[in-house]
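What follows draws every value from the coordinates through simple rules; no lab data is involved. All values reported here derive from a predicted model rather than from experimental measurement. Cβ: placed from backbone, ideal geometry, glycine included. Neighbour counts: every protein chain shown.
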Amino acid sequence: MTTIEDALRGPVASLIGGTPVEGEGAEIALIDPATEEQLTSYRDGGMSVAEGALAAAEDGGAAWRSFDPATRGAVLARAAALIRDEGERLAATESRAAGIPITDARAHVAKVAGFFDYYAGWADKIDGRVITGAGGRMTLVDRVPLGTVVQITPWNAPIFTAGWQLAPALAAGNAAVLKPSEHTPVTSLMLGHLLLEAGVPPGAISIVAGLGATAGARLVGDPRCGKAVFIGSVPTGRKVAATAAASGRPALLELGGKSAAVVFADADLDRAVAAQLGGIFGAAGQSCTAGSRLLVERTIYDTVVARMAEGAKNWRVGPPSDPTTRMGPLFSADRLNAVSAAIESAQDAGARLVAGGARPEGLPDERGYYIAPTVFADVAPEHALAREEIFGPVLAITPFETEAQAIALANGGEFDLAGAVWSRDGARALRVARAIRAGTVWVNDYRTLGVQAPFGGMRGSGFGRSSAAEVLAEYTQSKAIWLDPEG
Ligand code: NAD
């Protein structure tokens with residue numbers, strides 16, 4: 001693969017035991033979200049390719065575990081360097097295939113290299129402990145890999161989510177079988193090739209290009225799967241957890257969100273407005289942490305509504321390849337239809353549309369799944385726009401009168417992935433941050449994430465934690481070895 005076009009044209013072949021393997025199942029088309037043109041098509045890897053990946057992981061995983069931990073770390077550091085070397089090609093391919101603005105795609109690739117650097121450092125620091133017990137017995141508590149882990153990733157941030165999960169899984173000494181979204185497999189495959197080039201043994205990493213219902217379900221339901229790690233939508237996540245549970249295997253679920261940001265009257269409004277515009281319109285709202293609900297204190301409500309509307313109207317929408325574009329198209333015709341339906345339903349329910357709501361003007365041509373940055377004010381807390389993940393650039397603003405009411409509104413839904421509080425009163429900001437039920441809460445900030453901090457949802461947004469030391473606990477298990485000093 002020498003150019004982006006080569007990468008995208010394919011053949012899109014799974015990477016199994018170090019070898020490209022083409023599927024023989026149903027035809028899957030890859031569509032450019034900005035032009036609606038078909039980039040290429042490939043055949044579903046299906047059950048047989050999934051089986052090949054699981055089989056290859058047995059020997060590949062054993063080889064990887066035989067490396068010294070420090071050597072595993074060196075391999076991952078080499079992978080980080082290779083990802084940086086190939087950064088522009090990876091970013092351009094990601095941008096084209098997933099409709100992600102090129103500036104964002106470059107940032108995603110840089111983050112992925114950072115994940116490998118970060119977990120390279122962890123590879124030889126995963127240690128256990130010693131417990132002294134009754135009769136002078138000692139217990140050695142070791143931390144051991146799970147064996148083979150299956151990772152299922154979505155289309156909205158393909159290489160980011162692949163690197164996010166592959167790096168810690170490998171650092172902990174597991175073999176990883178990754179199934180990217182059938183709609184965006186190419187950059188995950190490119191990443192797989194770079195990992196092999198860095199020195200990960202064939203089979204310790206496999207990338208399965210195929211459908212969820214065939215290849216995905218086969219991987220997750222197999223007893224060789226030590227854990228199913230799923231990033232995607234709520235309904236699929238629940239199905240994946242049930243499939244894994246049927247063979248007694250655990251799951252980690254990173255699902256959708258409906259995050260609320262609470263803005264008090266004493267907030268720095270310039271910063272709050274800028275960050276919350278980025279929070280909802282970044283990634284065209286197709287992000288699990290999209291700041292899709294804004295709860296605003298009544299005394300500043302009209303001001304904030306006007307400023308968010310103005311910001312939305314000025315938000316630069318354009319082709320993903322343009323470095324000045326801040327928001328590209330939605331990912332697919334299905335997504336455009338679903339977001340348009342949510343907008344219509346909000347209008348029918350009496351929410352006040354103050355920006356967007358239709359295809360933006362000024363685009364180069366009529367093609368692409370574009371929708372303008374959209375802001376609704378006066379959204380009733382019980383309306384779907386305030387409760388369900390729309391996964392598009394649609395903001396719901398709701399007023400509140402008191403701190404207690406703001407907390408109740410923020411905690412009123414099912415999806416508790418992230419949230420934010422804006423206030424110059426430090427005590428109140430901390431009080432509200434602690435009261436918001438979410439895996440991540442920002443104070444006077446939004447959407448800043450780092451691999452050094454645990455990340456994950458509460459309640460409907462999933463369970464388990466990705467990133468930081470917490471994810472290494474997810475990818476290992478403790479093992480107690482009892483020593484009898486009399487023996
Ligand atoms: P999706 O649930 O449709 O698909 C996700 C993956 O699951 C795909 O790879 C798909 O092929 C696979 N899949 C489908 N059926 C399966 C089955 N029966 N068994 C195994 N695998 C199966 O999600 P999507 O539309 O690709 O992604 C968007 C969703 O992802 C949003 O809800 C978003 O919030 C969520 N997301 C969450 C996080 C997070 O960290 N919490 C990050 C990114 C995206």
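Is it fair to say Arg96 is buried (at least 24 other Cβ atoms within 10 Å of the Cβ) and either within 21 Å of Glu5 (Cβ to Cβ) or free of Cβ contacts under 8 Å to residues at least 60 places away in the same chain (or both)?
On the way: buried (at least 24 other Cβ atoms within 10 Å of the Cβ): yes; either within 21 Å of Glu5 (Cβ to Cβ) or free of Cβ contacts under 8 Å to residues at least 60 places away in the same chain (or both): yes.
Spelling it out, Arg96 is indeed buried (at least 24 other Cβ atoms within 10 Å of the Cβ) and either within 21 Å of Glu5 (Cβ to Cβ) or free of Cβ contacts under 8 Å to residues at least 60 places away in the same chain (or both).
Being small (Gly, Ala, Ser) and within 10 Å of the ligand (Cβ to nearest atom) is the filter; apply it to the stretch 217-236 and report the residue that is surrounded by the fewest Cβ atoms within 10 Å (Cβ to Cβ). Talk me through it step by step, then tell me what you get.
Initially, the stretch 217-236 is screened for residues small (Gly, Ala, Ser), giving 217, 221, 226, 228, 232-233.
Now restrict to residues that are within 10 Å of the ligand (Cβ to nearest atom): 217, 221, 228, 232-233.
Values: Ala217: 18, Gly221: 18, Ala228: 26, Gly232: 24, Ser233: 15.
Among residues in the stretch 217-236 that are small (Gly, Ala, Ser) and within 10 Å of the ligand (Cβ to nearest atom), the one surrounded by the fewest Cβ atoms within 10 Å (Cβ to Cβ) is Ser233.
Give the stretch 193-216 a look and list any residue that's surrounded by 24 or more Cβ atoms within 10 Å (Cβ to Cβ) and within 15 Å of the ligand (Cβ to nearest atom), or say none.
Within the stretch 193-216, Ser206, Ile207, Val208, Ala209, Gly210, Ala215, Gly216 qualify.
Considering only residues that are more than 16 Å from the ligand (Cβ to nearest atom) and among the hydrophobic types (A, V, I, L, M, F, W, C), look in the stretch 282-299 and name the one that is nearest to the chain's Cα centre (by Cα). Full working, then the answer.
Taking the stretch 282-299 first, the residues more than 16 Å from the ligand (Cβ to nearest atom) are 294-299.
Then drop every residue that is not among the hydrophobic types (A, V, I, L, M, F, W, C), which leaves 294-296.
Values: Leu294: 22, Leu295: 25, Val296: 28 Å.
Filtering the stretch 282-299 for residues that are more than 16 Å from the ligand (Cβ to nearest atom) and among the hydrophobic types (A, V, I, L, M, F, W, C), the one nearest to the chain's Cα centre (by Cα) comes out as Leu294.
Do any helices (runs of 4 or more DSSP H) entirely within the stretch 60-177 hold 1 or more residues that are within 16 Å of the ligand (Cβ to nearest atom) and either of a type in the set (S, T, N, Q) or on the phi > 0 side of the Ramachandran plot (or both), and if so, which?
Values: elements: 69-85, 87-98, 102-122, 158-171.
Ranges flagged: 158-171.
Please determine whether any residue of the stretch 237-256 is more than 15 Å from the ligand (Cβ to nearest atom) and among the charged types (D, E, K, R).
No, the stretch 237-256 contains no residue that is more than 15 Å from the ligand (Cβ to nearest atom) and among the charged types (D, E, K, R).
Away from the ligand (no atom under 16 Å from the Cβ), in contact (Cβ under 8 Å) with a residue 12 or more places away in the chain and among the charged types (D, E, K, R): is that true of Asp302 in this structure? Walk me through how you get there before you give the answer.
Working: away from the ligand (no atom under 16 Å from the Cβ): yes; in contact (Cβ under 8 Å) with a residue 12 or more places away in the chain: no; among the charged types (D, E, K, R): yes.
Judged against the criteria, Asp302 is not a match.
So which pairs qualify, if the first residue must be in the stretch 277-290 and in a helix (DSSP H, G or I), the second must be aromatic (Phe, Trp, Tyr), the Cβ gap must be under 7 Å, and the two must be at least 6 apart or on different chains?
Leu277/Trp315; Gly278/Tyr446; Gly279/Tyr446; Phe281/Trp315; Gly285/Phe391
So Phe376 clears everything in (1) away from the ligand (no atom under 16 Å from the Cβ); (2) buried (at least 24 other Cβ atoms within 10 Å of the Cβ); (3) not in a strand (DSSP E or B) except one condition, right? Which one?
Failed condition: (3).
Yes/no matrix, rows are residues, columns are (1) out of contact with any strand residue (DSSP E or B) (no Cβ under 6 Å at 6 or more places or on another chain); (2) over 20 Å from Val471 (Cα atoms); (3) of a type outside the set (Lys, Arg):
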{"position": "Phe115", "(1), (2), (3)": "yes, no, yes"}
{"position": "Ile126", "(1), (2), (3)": "no, no, yes"}
{"position": "Gly135", "(1), (2), (3)": "yes, yes, yes"}
{"position": "Asn174", "(1), (2), (3)": "no, no, yes"}
{"position": "Leu178", "(1), (2), (3)": "no, no, yes"}
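Please tell me if Phe415 is under 30 Å from Asp322 (Cβ atoms), buried (at least 23 other Cβ atoms within 10 Å of the Cβ) and of a type in the set (Phe, Trp, Tyr). Lay out the reasoning, then the answer.
Numbers: under 30 Å from Asp322 (Cβ atoms): no; buried (at least 23 other Cβ atoms within 10 Å of the Cβ): yes; of a type in the set (Phe, Trp, Tyr): yes.
Taking the combined requirement at face value, the residue does not satisfy it.
Which of the residues belonging to the stretch 436-467 are among the aliphatic types (A, V, I, L, M) and within 14 Å of the ligand (Cβ to nearest atom)? Walk me through how you get there before you give the answer.
Applying the first criterion (among the aliphatic types (A, V, I, L, M)) to the stretch 436-467 yields 436, 438, 441, 443, 449, 451, 453, 458.
Matches in the stretch 436-467: Ala438, Leu449, Val451, Ala453, Met458.
Looking only at residues in the stretch 1-59 that are among the hydrophobic types (A, V, I, L, M, F, W, C) and assigned to a loop (DSSP other than H, G, I, E, B), which one is farthest from Leu90 (Cα to Cα)? Spell out how you get there, then give the answer.
First pass over the stretch 1-59, keeping only residues among the hydrophobic types (A, V, I, L, M, F, W, C): 1, 4, 7-8, 12-13, 15-16, 21, 26, 28-31, 34, 39, 47, 49-50, 53-57.
Filter once more, keeping what is assigned to a loop (DSSP other than H, G, I, E, B): 1, 12-13, 26, 34.
On the way: Met1: 11, Val12: 15, Ala13: 17, Ala26: 27, Ala34: 18 Å.
My answer is Ala26.
Looking for whichever is under 29 Å from Gly114 (Cβ atoms) and among the basic types (Lys, Arg) here; the options are Arg459, Arg424, Arg431, Arg447. Which one fits?
Only one candidate qualifies: Arg447.
Based on this model, can you work out whether Ala261 counts as more than 8 Å from the ligand (Cβ to nearest atom) and in contact with a Gly (Cβ under 7 Å, 6 or more places away or on another chain)? Steps first, please.
Details: more than 8 Å from the ligand (Cβ to nearest atom): yes; in contact with a Gly (Cβ under 7 Å, 6 or more places away or on another chain): yes.
Here the answer is yes, as Ala261 does meet what is asked.
Give me a count of the residues in the stretch 138-165 that are closer than 16 Å to Ala53 by Cα and touching a Leu at 6+ places or on another chain (Cβ under 6 Å).
The qualifying residues number 2.
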